[in-house]
Structures are given as structure tokens and as C-alpha cells.
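Heads up, the thing below is written out as C-alpha cells.
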Amino acid sequence: MTTRKDLTVGEALRTQGISRRGFLKFCAATASMMALPPSSIPAIAAALEKARRPSVIWLSFQECTGCTESLTRSHAPSIEGLIFNVISLDYHHTLQAASGDAAEEARHTAMKENDGKYIVVVDGSIPVKDGGVYSTIAGMTNLEILKETVAGAAAVIAVGSCAAFGGLPAANPNPTGAVSVSELVKDKPVVNIPGCPPIPVVISGVIAHFLTFGLPELDNLGRPKAFYGTSIHDRCYRRPFYDKGLFAETFDDEGAKKGWCLYKLGCKGPTTYNACATMKWNNGTSFPIEAGHGCIGCSEPQFWDAGGFYKALAEPTGNFTTTAGVAVAAGAALGAASGLLNRNKQKQAGAEHETVTADNLEKEQTS
Amino acid sequence: MNEVNFLLWVRGIGFDIALAIFVFGIMLRFMEILWLGRKPELAAVRGNGVASGMRTVFSRFLPADSNTLKRSLFMVVAGYGFHIGLFVVIFLFAPHAELIESVTGLSWPTLPSPIVDFFTVLTMLALMALLWRRLTHPVLRFLSTGEDYLMLLLTFLPVLTGYMAFHHLFLSYGWMLGLHILSVELLLIVIPFTKLIHMFTLFMARWYSGFMAGQKGVQS
């Protein structure tokens, strides 16, 4: 008998009532969002059709469950949501029915049955200070669980900025010594899907890519280039206002009402690489800038400590007034001292100056 | 050091250091110059020195007489092109004005970025033309020192990195923006101690020349 676990992705989708047309539409959408040519759509469809539902072990460490919320709640049941249903999610604190020993047993069983083939999804950072005691599950530290689980994994997907870069738990002063997955996992491929939270379609898109063509092409921060290849600023619908020099100066002035650029209000769009401006949120409704607030750069490393959400990128972040004041005073004092010294030299030179007459010169010549 | 740390450093400590050295240097140089004093003017005063001084500060923004213009048209065009270009690029680009406002509290209207972009290219072309001239003109080449070439480079770098950051060339925007800010900080540090101090002392020097000429009753 074929159990639900043995179904291919294509079969599983059909049991969910997804038509062939709907399936191909999803493949086309996946191809376009991953910037693949249309000719790759049949390849995606064929690969997805045949792909075994991968076993996914989802580890939640120092996180807020926002990433899971993003994935499960933001959409009305959609095909991206369903592709997530058709993976075999064998372990996930928040979503699984089992608890206690039974839950841990599920993780061990999945690891044993799919050794070398399962995907580990991590959300949340891992505390390493004081032996990692700041976050434990079933008596094990997050660090121990991660090492144990990753050992037999095919790949690790770090979902959310905490797992990808340390995120909020790692923000200054980082009391728990929180680190990202990629700082700990060196021997397995790690895909970072940062964001606070990340865009749900991006998570399912990366899984689809993994099933069809293997790991996607990554940028220097380990993010899939297809989704993190362009900055928010370059794809922002308010970009023309930036170029025209039309800026909102406060959140309630005329400029803000007219939808002008939020650069001066601290928008981090120019330095933030993510797909929000094109894929948008809440079923494609809008994204933060469209709602009237600047981008806070949540998919970049250390976004929490990157100089203040409301400080424009051009503004200095330090407290330079005191230093500059001292420098002005020191410069003036030293300049005056040096000036006085020069004056003295002048005076001395004047005092020591001997007048030379024509007679003196003649004498010098004859002597 | 990653992109974020680099950008944070140049916007934070790097900027503080550069600004401190810059204002320290400017104060030092001005104090030194002013404390030197001048010899008392013994000749009879023949005209209004103050008025002549003020006039000279502004009149020398204009190109010299037509003969000079004809003789050194290249220098006049490239020189003005690069100075005007720098002025537009530095002061009339919105993010730059935002920085100046956050530091000094002074603000003014800015230009659309495609116009600033045009002036950026103009500035770079003029700077390159001036370098070419310095390298090919035998007299100018003989008179040029290492400092001259270094100052050309240090002036050119912020314009180039700014252009590359805006157009996302070679590096990601964050890295390029960081390099751009760093290059400006280098420039700020060297300004007080090199010939670039002329951007401040020129007003004093012009006023003084005009003042002396005015007192003597001659045209400045």
C-alpha cells in the first residue's frame, strides 16, 4: 500500500485536489520568480512530478515563531502553502501533534529513515555562551540538537534573520552568545533565507528549487540570488520620487501623504537585498514601504544594530559633536601657540638683523 | 569585516575621526595664518580697502580677461567644469544635503539625481582632462610634485566611488557606499594639510589682495 509518505510531489498535489493546470501554473511561477527561462517550466514540472516528498526536520531555536507564522498564516490556502504541505514535515515544535518523548522520537526516526537525504530547516539563532544553556529542548542544548540533526542532512535551510545571521538574539550586547547556523555548520550546504520574517513564497520557492535542480545559486551571504539579487530601492515603486528629489520629511507631512520617497526617514531600501518590492506580502497586497514606513533592512546582517531605523543612510551614526568640539578647541589652541612661536621667531630675526651697507660689501671683497 | 560592519564603521567612528582631524586642521591652519599678522601699512590710504576686498572675493569667481581666456582656454574650461561639477555633486545631491543637514542643521533644495549624475560624469571627465594636461604639458609636468598627483587622485576617488555606488558597478551598493564614504573621509583628513586648504583660504587671500590694492587705489 502506498502511504502518504511514499507519494511523489505530483501525486500528493493531486490528492490535495490541485489540477494539472494549477500545477503547471505553479511551475511557471516558480520558474519566473527564480529568474529561470520559460523553457525550464516542463523540466520543473517533470522533476517535481517525480520527486519524492522530502523529509523535513524543522528546528526552532532562539526565535519568535514569526517565520512559521509567516509561512502558515499570511496566505489563504495557496499552492505555495500546499507545496509546503506535500513535503513530509516530520518534526516541528509548533505544528506537530506529538509532544515530549514522542516528538523527539519522530525526529530520530526521520533521521534514521532518510539518512543523508533529509532537509533541516532552522529558524532561530543558536546560543553558544556558557555551554549553550540559554536554550534547551528535551534536556539538550540547541547546539547539541543542531549538531546531531545536521550530521545526516542533505542540506540546511536557515529560515529567518536569526538563523541566517543571528538576528535579534545576537543584537548588541548578545547576552546568550547567539550565532547563526552558517557559523556552526561548515560541512553541509547552508541556504540562508533571511528576513524578519522571510517572504513565504521564497521559502517554498527554495524548497521547490532544491527538489528540481538542487541547491539554488547563492550570493556572498548565502542567500538565493533569484530572490535576493536586487535591492528594495531598485525595485521600489517610490524610486521615481527619490530620483526627482521628492522626499517625505516627516511621517505626516504633505510628502508622506503624496507617497514620496522615505529615504530621509531612514529607509534602508538602498542597502537591503530582498524581494519584498516585487513579491509583496499578504497575498501580494503590499509591502512595508507601500504601507508608509521605510524599509528597516531586516534581511541584512545585524539589521538591529545598523545605526537606527530612522536615521537616513547618509547620516553619521556616532555622537560626533563632543569630539568635533574638542578638536576645534585643540586646533585653535595649538594654532595660536604655533602662531605666537612664529611671531617670536620673526621678532628675534628682526632684532638680530644686521644692516649691510655697500661699504660692508666692499670691505668683504677686499679682505 | 562584513559589509554591514564596514558601513557602520565609516558612518560611525570613521566619520568621527575624519571630522575631528578636519576641523582641528582647519582651526590650526587659520590660527597660524592669522597670528602671523601683517606689517603696518605706512603709505597714505588712497581708496576704500574694505569695499575693494569684498568685491575681489566675488569678482575672481569670474574668468579673467579675454586674453588670458584665449591663452589658456583648456585650463579655464576644465578647471571651471570640475569646480562647478564638484559643487553641484557635493551640495545639490539629496543624500549629501541630508548629511550636511544632520551635521550642521543647514538645509537647501536639491537637484534630481539624473542631473547630479550628469555633473558627476562632467566632473570626472574634467579631472581626467586636467591630469592628461598635467602629464603632457612640459612646464606643468616639470612643476608638478607628488602631492599634486595625490590630491588629484584623492579628489577623483569620492566622485568615482559615488558614481559606482549609484550605478551598482563592481561591488554591492553597501560596500561601494562604504568605500565612497571612506574616500571622502580620507579627503577630509588631508584637506587642511595640503594645497586643498585653498577651498577655505581663498576667500581670505582674495579679500586681502583686494584690500591692499584698494588702499593703494589700484584695481585688483
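The values are calculated or read from the model by the stated rules, or taken from the named source; none is laboratory data. In this text the structure is predicted, and so the values were computed from the model without any measurement. Virtual Cβ from ideal backbone geometry, glycine too; neighbours counted across all protein chains shown.
Against the definition (in a helix (DSSP H, G or I), aromatic (Phe, Trp, Tyr) and within 11 Å of chain A (Cβ to nearest Cβ)), how does residue B:87 come out, yes or no?
No; evaluated as a whole, the condition is false for this residue.
Which of the helices (runs of 4 or more DSSP H) contained wholly in segment B:117-220 include at least 3 residues that are within 14 Å of chain A (Cβ to nearest Cβ) and over 30 Å from residue B:35 (Cβ atoms)?
B:146-166, B:173-190
Inside segment A:252-367, counting only helices (runs of 4 or more DSSP H) that do not spill past its ends, which hold 3 or more residues that are exposed (fewer than 14 other Cβ atoms within 10 Å of the Cβ), assigned by TED's automatic domain parsing to the domain that holds residue A:32 and free of Cβ contacts under 8 Å to residues at least 12 places away in the same chain? Quick ask: steps written out before the conclusion?
Details: elements: A:254-257, A:276-279, A:320-352, A:358-366.
Answer list for segment A:252-367: none.
Residues that are surrounded by 19 or more Cβ atoms within 10 Å (Cβ to Cβ) and without any contact (Cβ under 8 Å) to a residue 40 or more places away in the chain: does segment A:209-231 have at least one?
For segment A:209-231, residues surrounded by 19 or more Cβ atoms within 10 Å (Cβ to Cβ) and without any contact (Cβ under 8 Å) to a residue 40 or more places away in the chain: absent.
If I ask for residues that are over 19 Å from residue A:158 (Cβ atoms) and of a type in the set (Gly, Ala, Ser), which ones from segment A:264-307 would you list?
If the condition is that a residue be over 19 Å from residue A:158 (Cβ atoms) and of a type in the set (Gly, Ala, Ser), then A:266, A:269, A:277, A:284, A:286, A:291, A:292, A:294, A:306, A:307 are the ones that fit.
Any idea how many residues of segment B:22-44 are of a type in the set (A, V, I, L, M), within 10 Å of chain A (Cβ to nearest Cβ), in contact (Cβ under 8 Å) with a residue 12 or more places away in the chain and under 29 Å from residue B:217 (Cα atoms)? First the steps, then the outcome.
Pass one, segment B:22-44, residues of a type in the set (A, V, I, L, M): B:23, B:26-28, B:31, B:33-34, B:36, B:42-44.
From what is left, the residues that are within 10 Å of chain A (Cβ to nearest Cβ) are B:23, B:26-28, B:31, B:33-34, B:36.
After this cut, where a residue has to be in contact (Cβ under 8 Å) with a residue 12 or more places away in the chain as well, the list is B:26, B:28, B:33.
Okay, now just the ones that are also under 29 Å from residue B:217 (Cα atoms), so B:33.
Qualifying residue count, segment B:22-44: 1.
Under 30 Å from residue A:233 (Cα atoms), within 14 Å of chain B (Cβ to nearest Cβ), at pLDDT 85 or above and out of contact with any Ser or Thr (no Cβ under 7 Å at 6 or more places or on another chain) - does that describe any residue in segment A:288-299? First the steps, then the outcome.
To start, the set of residues in segment A:288-299 that are under 30 Å from residue A:233 (Cα atoms) comprises A:288-299.
Now narrow it down to the ones that are within 14 Å of chain B (Cβ to nearest Cβ): A:294-299.
The next check asks that each one be at pLDDT 85 or above; those that pass are A:294-299.
In the following step, the residues that additionally are out of contact with any Ser or Thr (no Cβ under 7 Å at 6 or more places or on another chain) were identified as A:294, A:296.
Yes, segment A:288-299 contains at least one residue that is under 30 Å from residue A:233 (Cα atoms), within 14 Å of chain B (Cβ to nearest Cβ), at pLDDT 85 or above and out of contact with any Ser or Thr (no Cβ under 7 Å at 6 or more places or on another chain).
Which of (1) touching a Leu at 6+ places or on another chain (Cβ under 8 Å); (2) in contact (Cβ under 8 Å) with a residue 12 or more places away in the chain; (3) more than 7 Å from chain A (Cβ to nearest Cβ) does residue B:111 not meet, given it meets every other one?
(3)
Let me spell it out: the conditions are (1) within 11 Å of chain A (Cβ to nearest Cβ); (2) in contact with a Ser or Thr (Cβ under 9 Å, 6 or more places away or on another chain), and residue B:76 meets all of them except one. Which number is the exception?
(1)
Provide a single number: the residues in segment A:206-242 that are assigned to a helix (DSSP H, G or I) and away from every other protein chain (no Cβ under 14 Å).
Counting residues in segment A:206-242 that are assigned to a helix (DSSP H, G or I) and away from every other protein chain (no Cβ under 14 Å) gives 10.
Which of the helices (runs of 4 or more DSSP H) contained wholly in segment A:1-56 include at least 3 residues that are in contact with a Phe, Trp or Tyr (Cβ under 7 Å, 6 or more places away or on another chain) and either modelled with pLDDT of 75 or more or surrounded by 15 or more Cβ atoms within 10 Å (Cβ to Cβ) (or both)?
Details: elements: A:9-15, A:20-33, A:41-50.
Correct list: empty, since no element meets the threshold.
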